[in-house]
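Structure first, commentary second.
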Amino acid sequence: MPYEIKPLACDPTAIKGMSERLIVSHYQNNYGGAVQRLNAITKELAELDFSSAPIFVINGLKREELIAMNSMILHEIFFASLGERGEPEGALRDALIRDFGSISAWAAEFSAMKSRTASKISVSKSIRAAATMRRSAASLWPIPNSNSARSTISCS
């Protein structure tokens, strides 16, 4: 299996405002389902004869691969960021200040979206908070030195 479910990165009993049942269910069903789906799509792509497959089959599988990959990555970031309220540190802090002017400006924009559609973070050359209605509209590109940018952020 190419993609594996990472261990839950937070203590689900210690998250204020969310029940343990909610966090564990979301981890198992949503995140776990995205990883399983990505593995199934990856298997289909590995078995596909690209020279004879109809383009709509290739396009459909590649689109679904992107959606499942985004879901897996975004869930990993979500679970890694749950925890005690704190200020971001390192590269993430620098990028948020660069792109939003301050941590509080970023938190205000991100928090304002939480009651609307699903909130996602899209990362390219700069960080942007984006609300999307369709999963296929959201993209996540790799964050350079993402381990050094990991931080705990809570917007409530």
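The values are calculated or read from the model by the stated rules, or taken from the named source; none is laboratory data. Note that the structure is a prediction, hence the values are computed from the model and not measured. Here the Cβ positions follow ideal geometry from the backbone for every residue, glycine too, while neighbour counts run over all protein chains shown.
Some notes on this structure:
- Within the range 82-93, the only residue that satisfies the criterion of being surrounded by 13 or more Cβ atoms within 10 Å (Cβ to Cβ), modelled with pLDDT under 80 and of a type in the set (Gly, Ala, Ser) is Gly83.
- Residue identified as within 19 Å of Asn29 (Cα to Cα), at pLDDT 75 or above and not β-branched (Val, Ile, Thr) among Glu76, Glu109: Glu76
- All of Ile97, Ile67, Ile41 fail the test of being in contact (Cβ under 8 Å) with a residue 60 or more places away in the chain, among the β-branched types (Val, Ile, Thr) and surrounded by 14 or more Cβ atoms within 10 Å (Cβ to Cβ), apart from Ile67.
- Yes/no for Leu66 being under 18 Å from the mean Cα position of the chain (by Cα), modelled with pLDDT of 95 or more and not acidic (Asp, Glu): no
- Taking each residue of the range 1-27 that is aromatic (Phe, Trp, Tyr) and looking for partners that are in a helix (DSSP H, G or I) and modelled with pLDDT of 95 or more with beta-carbon atoms closer than 6 Å, six or more apart or interchain, yields Tyr3/Val35; Tyr3/Leu38; Tyr3/Asn39.
- Verdict on Ala105 being assigned to a loop (DSSP other than H, G, I, E, B), surrounded by fewer than 16 Cβ atoms within 10 Å (Cβ to Cβ) and not hydroxyl-bearing (Ser, Thr, Tyr): no
- In the range 4-53, the residues that are part of a loop (DSSP other than H, G, I, E, B), closer than 22 Å to Leu66 by Cα and within 15 Å of the chain's Cα centre (by Cα): Ile5, Lys6
- Flag for Ala34 being free of Cβ contacts under 8 Å to residues at least 12 places away in the same chain and either outside the structural domain of Thr13 (by TED's automatic domain parsing) or within 23 Å of Leu8 (Cα to Cα) (or both): no
- Just one of the numbered conditions (1) over 15 Å from Ala9 (Cβ atoms); (2) under 21 Å from the mean Cα position of the chain (by Cα); (3) part of a helix (DSSP H, G or I) is not true of Glu76: (1).
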